[in-house]
Amino acid sequence: MHRSVLVLGLILAVACLAQAGIKGAGIALEAELAQRIEEPMKIDDDAVGKGASNGKFIWMEGKPATGGGGEGWAEFDINLSEKGEYAIWGHVLAWDGNSDSFWVTWKPADPDEDAQKTQNTKFRWAVAGGDKWHWDRINAWLDGGTPERTWKIDQPGKTTLRISVREDATMLDALFITTNVKATDPADVNLRLPTAADRELQVKGSTAVDPGGKVTTTWAGLKQR
Ligand SMILES: [Ca+2]
Ligand SMILES: [Ca+2]
């Protein structure tokens, strides 16, 4: 009896450790720490985006329920330690149907294409509405259906993610890149907002994801191994 309780306890402890490991998987990025931001996309700490992670978010400023947009973007340099399939979640705020979309391209999985110019619906992200910060997986808002997007990265190394303004007033606080490409419900992904350690890695300009889920490390560190 006692022994079985002990064994059960050990199994639970191991399960918890495994869970903790999985939780570490993925890259958490602050939108406002993008390597390059082209106006009119801008960093803001305005009251409209109150409660944003790190106190800041990015958007092309605008009012709810009006049109506008189509200019400006933010680019993230992301170094991946492993090839594989990835999904991206955005921590977003979208007031209404006139302020709820971005264009998203992630090279080299996506071509070197300016989605703001080509208006290619494959790169159009219909952001889930909501006037409080929430997670939304990046999708392709086609003219029929909005499948969740998955990017196949063929080799480790530097990638470039560009989030471009489509409709103004759509707000982006943070991103989470994961190898869990199956989950479509935020509750099924170990999403996290960036920690101080995540921000430090991002500022250094080198974040890497280990699909094994144990560590987030710098690209320079990986090359030294
Ligand atoms: Ca708008
Ligand atoms: Ca933020």
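A few notes on this one:
- Test for residue 135: is it away from ligand 1 (no atom under 15 Å from the Cβ), on the phi < 0 side of the Ramachandran plot, in contact with a His (Cβ under 7 Å, 6 or more places away or on another chain) and at pLDDT 95 or above: yes
- Residues satisfying the stated conditions in segment 1-56, i.e. among the acidic types (Asp, Glu) and either out of contact with any Gly (no Cβ under 8 Å at 6 or more places or on another chain) or modelled with pLDDT of 95 or more (or both): 30, 32, 38, 39, 44, 46
- Of the candidates 148, 71, the single residue that is within 16 Å of ligand 1 (Cβ to nearest atom) and of a type in the set (Asp, Glu) is 71.
- Within segment 43-84, being surrounded by 15 or more Cβ atoms within 10 Å (Cβ to Cβ), away from ligand 2 (no atom under 13 Å from the Cβ), not acidic (Asp, Glu) and not in a loop (DSSP other than H, G, I, E, B) holds for 48, 60, 73, 78, 79, 80, 84.
- Checking 101, 81 one by one, the residue that is at pLDDT below 95 and either under 15 Å from the mean Cα position of the chain (by Cα) or not hydrophobic (A, V, I, L, M, F, W, C) (or both) is 81 and no other.
- Where residue 93 falls short, out of the listed (1) more than 25 Å from residue 167 (Cβ to Cβ); (2) modelled with pLDDT of 95 or more; (3) within 16 Å of ligand 2 (Cβ to nearest atom): (1)
- Residue 59 within 16 Å of ligand 1 (Cβ to nearest atom), of a type in the set (Phe, Trp, Tyr) and at pLDDT below 95: no
- Matching residues, segment 96-114, being in a strand (DSSP E or B), within 23 Å of residue 133 (Cα to Cα) and either of a type outside the set (Phe, Trp, Tyr) or within 16 Å of ligand 2 (Cβ to nearest atom) (or both): 101, 102, 104, 105
- Filter result for residue 168 (of a type outside the set (A, V, I, L, M, F, W, C), closer than 27 Å to residue 56 by Cα, at pLDDT below 95 and not in a strand (DSSP E or B)): no
- Residues of segment 140-152 satisfying the condition of being surrounded by fewer than 18 Cβ atoms within 10 Å (Cβ to Cβ), in a strand (DSSP E or B) and not acidic (Asp, Glu): 152
- Scanning segment 77-107 for residues that are touching a helix residue (DSSP H, G or I) at 6+ places or on another chain (Cβ under 8 Å) and more than 22 Å from residue 119 (Cβ to Cβ) turns up 79, 81, 89, 91, 93.
The values are calculated or read from the model by the stated rules, or taken from the named source; none is laboratory data. Please read these numbers as outputs of a predicted model, since none were measured by experiment. Positions of Cβ are backbone-derived with ideal geometry, glycine not excepted, and every protein chain shown enters the neighbour counts.
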